[in-house]
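**Student:** Have a look at the structure that comes next, please.
The values are calculated or read from the model by the stated rules, or taken from the named source; none is laboratory data. Since this is a predicted model, take the numbers as computed values, not measurements. Every residue, glycine as well, gets a Cβ built from its backbone with ideal geometry; the counts of neighbours run over all protein chains shown. Ligands, DNA and RNA are stripped out before the accessible areas are found, and what is left, the full protein with its side chains, is counted by its heavy atoms. Shrake-Rupley method; radii C 1.70, N 1.55, O 1.52, S 1.80 Å.
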Amino acid sequence: MLGIAASIRGGVGIGRRLSFATRKESLTWYRNQLVQDQSDSLIYTPSVVCCYFKLAQRRGVVLGNFARHASTASLELRTGSDFVRFSITKDGYPAKEKKSKNKVPKYVKMSKKAKLNELRLYRLKAKKKMNSPNPEVRIRYKLEKAKRKEAWLIEKLRKFEVSKTPGEAYDPEILTEEEKHYLKRTGEKKKNYVPVGRRGVFGGVVLNMHLHWKKHETVKVTCKPCKPGQIHEYAEELARLSKGIVIDLKPDNTIIFYRGKNYVQPKIMSPPDTLSKDKALEKYRYEQSLEHTSQFIEKLEKELENYQEHVARFKKRKEAAVDSTIADV
């Protein structure tokens, strides 16, 4: 088998070349010459190649596809079992192989009816588990559902995690006991304050602190609602973000902050590594839902343990009753 490739360039002039060498005798002579002479180097005249291609193709097929790819395609001559054949290749691959290579498995899209049927089947299974006469099946179904919800809430809360950017290094001012006592008394007397509500610490709280420090040396930060021990976390976070000094922590969840002797108002008063007001509220809702879900999971786990203990005790009583009856007999 002899395989020789001859590239044809310039697809614009291929229509003119097809008008050359229309005689059948020239084509027959060229075929006989190729079969007899099995040499590696053959010269293909454009007229004969185009004429042979025109006669060899199937009836009714137009040469538009060949002319379109003629600029980058190559024509390969194959002689095997006394037949001369031409095949078009592109970028070194045969046309059939390239088509199979680029084939991508189609995504089977579910119809609306199939989706509804699947959803209906899922609801039917859930209803059977919920109305099951066995209490263990009901408890396990609720527990699995609550755990799925817990995992989903944890995944949602990960989106609200803000990376703490390393801030500028600053030297905290050293205050004497007299200065601290004076600032504490001043902060208690003044009425200016910043509330920290259910959203927690976000950019707006730090912004309000800087706005109060324009005219006052101290500011009170009231935290309501606040869990036990959470006031210390708020104090550390606000001191890091505002570069202020914590003077006192009150038992009614109030923090007194001092702006510092060398205070300079920053250009960006709301730090970039904090959440916005809307996102802080959304995060609080997810946290509240996660807290209730974890409590519900603990309750269900206790119920399941109690039920299993009850079943074990009932089995022991039954075995003891059977043993006593056998002994009596």
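**Student:** Take the conditions in contact with a Ser or Thr (Cβ under 8 Å, 6 or more places away or on another chain) and open to solvent by less than 80 Å² (accessible area, probe 1.4 Å) and apply them to residue 297. Does it pass?
**Tutor:** Details: in contact with a Ser or Thr (Cβ under 8 Å, 6 or more places away or on another chain): no; open to solvent by less than 80 Å² (accessible area, probe 1.4 Å): yes.
In short, no.
**Student:** Take the residues in region 253-275 that are open to solvent by 60 Å² or more (accessible area, probe 1.4 Å) and touching a residue at least 12 places away in the same chain (Cβ under 8 Å), then tell me which one is farthest from residue 213 (Cα to Cα). Give the steps one after another, and end with the answer.
**Tutor:** We begin by selecting, within region 253-275, every residue open to solvent by 60 Å² or more (accessible area, probe 1.4 Å); these are 259, 261-262, 264-265, 267-268, 272.
Still in the running and touching a residue at least 12 places away in the same chain (Cβ under 8 Å): 259, 261-262, 265, 272.
On the way: 259: 7, 261: 12, 262: 12, 265: 8, 272: 20 Å.
Only one residue fits best here, namely 272.
**Student:** Looking only at region 223-241, decide whether some residue is touching a residue at least 12 places away in the same chain (Cβ under 8 Å), in contact with a strand residue (DSSP E or B) (Cβ under 8 Å, 6 or more places away or on another chain) and assigned to a strand (DSSP E or B).
**Tutor:** Scanning region 223-241 turns up at least one residue that is touching a residue at least 12 places away in the same chain (Cβ under 8 Å), in contact with a strand residue (DSSP E or B) (Cβ under 8 Å, 6 or more places away or on another chain) and assigned to a strand (DSSP E or B).
**Student:** Another question, then. Which ones in region 218-239 are at pLDDT 90 or above, under 36 Å from the mean Cα position of the chain (by Cα) and surrounded by 15 or more Cβ atoms within 10 Å (Cβ to Cβ)?
**Tutor:** 223, 231, 234, 235, 237, 238, 239
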